[in-house]
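FYI, it's all coordinate maths here, none of it is from the lab. This one's a predicted model, so the numbers in the text were calculated from it and none came from an experiment. We place every Cβ from the backbone using ideal geometry, glycine too, and count neighbours over all the protein chains shown.
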Amino acid sequence: MKLKLPGASPLARSWRPTAGSAESRLVLQARLSGPMPWVIAIMVALTVLAAATGLSLRNTARAAKVELSGGVTVQIVEPEAGARVRQAEASIARLRTFPGVASVRQVPQEEVDALIEPWLGGSDSADIDGEAIPVPALIDARMNGAVTEARLVQLRAALRSVAPAARVDAQSSWLRPVFDAIQSLQWLALAMVALLAFAMASAVLLAARSALGANRDTIEIVHLLGGTDSQIAAIFQRWIGVDAAGGGVLGIAMGLVAVLFLGRRFASLGAGLVDSGALGWGDWLLLALIPVLAAVLAMLTARLSVMRALRRLL
């Protein structure tokens, strides 16, 4: 859109938006002094936290699946101690000859005691009200490839003849509810990132429209002098870009400090699943791209909103 007055063509041809003339008049708000950079900083910091959480959960789930994909646990649930030992030995011998089994290990009694100690005490069999509770013998087997339901059926059939009290389960099945919860949290983190991006775009849209309305008279004069919508939109785009860049740098600094602090706190727990969720170099690179993407989104939103508003202005 371009409007010209009679005799204004030479001035219109010579008009250009410069930092010392039109831009300073159109954008009255001083950079980094208004609320926009701080709003963007907060949005970027929250986005970094949400993205880091999602990436950490993804790493945790991948590491756990790789660790447990080929794992099989055999429990010899036999109350008589002698029969339990015989069936455990027979099961180990049968598993070592079963196709696809890479390794077999009977879990030592010390480890079993450590597992049941919080509930039943660390002994061969707990004594409750004078009655002994037998502890099953545990066998840890590792198979080549993933443990499917068909392979579990074959294992159970192979062990049934030598160990009638054997129960065969895939280790990954125990953590299936955990994997489902982790996946739900990943989707929640992704939704948070999308909502924060939408909120930041909305804030930029409101700021651009506010500045456009406050400088309506100046914009009309610029139009009469031959200034185009694209030139005016570029001024607002540069203004929002500078604010978004400053806010993005501040936001990623705050977000990374929070991520590092939380990472150190969780690392002190010493849990295997927590340790496997550590961020890699690729993850840190994705986090570093967040302020860049935020600046691009802010500039694009400002330009499109200003161009649309200018088409309706005159």
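So here's what we get for this one:
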| item | result |
| --- | --- |
| Difference of contour (0.36 nm per residue) and Cα-Cα distance, Ala63 to Trp281 | 76.9 nm |
| Peptides 101-114, 192-205, 231-244 ordered by average Cβ neighbours within 10 Å, highest first | 231-244, 192-205, 101-114 |
| In Hz, Karplus ³J(HN,Hα) per residue of region 296-302 (6.51, -1.76, 1.60; θ = phi - 60°; x = Gly, Pro) | 4, 4, 5, 5, 5, 4, 4 |
| Using a Förster distance of 45 Å, the FRET efficiency for Gln154-Val257 (Cβ separation, nearest 0.05) | 0.30 |
| Extension gain, Phe198 back to Phe179 (0.36 nm per residue minus Cα-Cα distance, nm) | 4.0 nm |
| Simple label model, 7 Å out from Cα along Cβ direction - Leu300 to Leu206, nm | 2.2 |
| Approximate spin-label separation Leu188-Ala93, in nm, with each point projected 7 Å along Cα-to-Cβ | 5.1 |
| Förster radius 30 Å - calculated FRET efficiency between Asp113 and Arg264 (Cβ-Cβ, nearest 0.05) | 0.40 |
